[in-house]
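*Asks:* Have a look at this one before I ask anything.
Derivation of every value follows stated rules applied to the coordinates shown; laboratory data play no part. All figures in this text were calculated on a predicted structure; none of them were measured in a lab. Using ideal geometry, Cβ is built from the backbone for each residue, glycine included, and neighbour counts are taken over all protein chains shown.
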Amino acid sequence: MEKFRKMLVPVDFSTNSCKILAQAASLAKRFQAELSVVFVVQSFDDYSGFFVPHEPIAQFEEEMIRNAEEKMKSFVDECLAPGTPVQSRILTGDVAESIVEHANQTGVDLIVIGTHGYRGLERVLFGSVAEKVIKRAECPVISINPYRQVPHHPGE
């Protein structure tokens with residue numbers, strides 16, 4: 001069985017992300033692995049010049065990053081038991097690409113990501129960050145559907 005030393009959990013600050021993070025923390029504890037959490041602020045570079053000048057877009061991104069940094073601390077505190085060792089980081093760019101690049105650059109052994117369970121037209125419209133990460137990541141990826149009940153195993 002492979003030894004996981006560094007685990008990465010991308011979050012979107014939703015209730016479902018909180019469930020995924022808690023499950024990943026349990027897994028990290030079991031493997032005695034470092035746990036890192038990332039949130040990606042979607043870059044608006046592609047839109048500069050379309051609707052508004054580049055300057056307001058850059059200011060908007062900076063504000064989103066500051067808000068995400070503040071939210072990350074409260075999110076981690078809310079989702080994890082006190083004293084759980086965790087590192088957090090705010091990234092910017094394309095969500096799936098940023099997750100994969102960060103994992104590669106920091107030597108992540110395992111990515112734990114949630115699926116939103118979109119089906120049919122919703123999936124076509126919204127795409128699937130999890131699916132893109134699974135296809136592009138160089139390390140193993142565990143995807144967890146937060147809507148499914150995870151069976152409790154005696155002795156845990």
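*Asks:* What is the gain in length, in nm to one decimal, between Lys29 and Glu70 on full extension, counting 0.36 nm per residue of separation less the C-alpha to C-alpha distance? Don't jump to the answer; show the numbers that get you there.
*Replies:* On the way: separation 41, 0.36 × 41 = 14.76 nm, distance 2.54 nm.
Here the answer is 12.2 nm.
*Asks:* Could you list which residues have their amide H under 5 Å from that of Glu34, counting only those 5 or more apart in sequence or on another chain, with H placed in the peptide plane?
*Replies:* So Glu34 has HN proximity to Lys6, Met7.
*Asks:* Run the reach check for Lys71 against lysines, Cα to Cα strictly under 22 Å, same-chain hits fewer than 8 apart removed. What comes back?
*Replies:* Lys19
*Asks:* Let me ask another. Amide H to amide H, which residues 5 or more places from Asp94 or on other chains are under 5 Å from it, using H placed in the peptide plane?
*Replies:* Ser43
*Asks:* Between Thr106 and Gln42, what is the label-to-label distance in nm when each label sits 7 Å out along the Cα-to-Cβ direction?
*Replies:* 2.2
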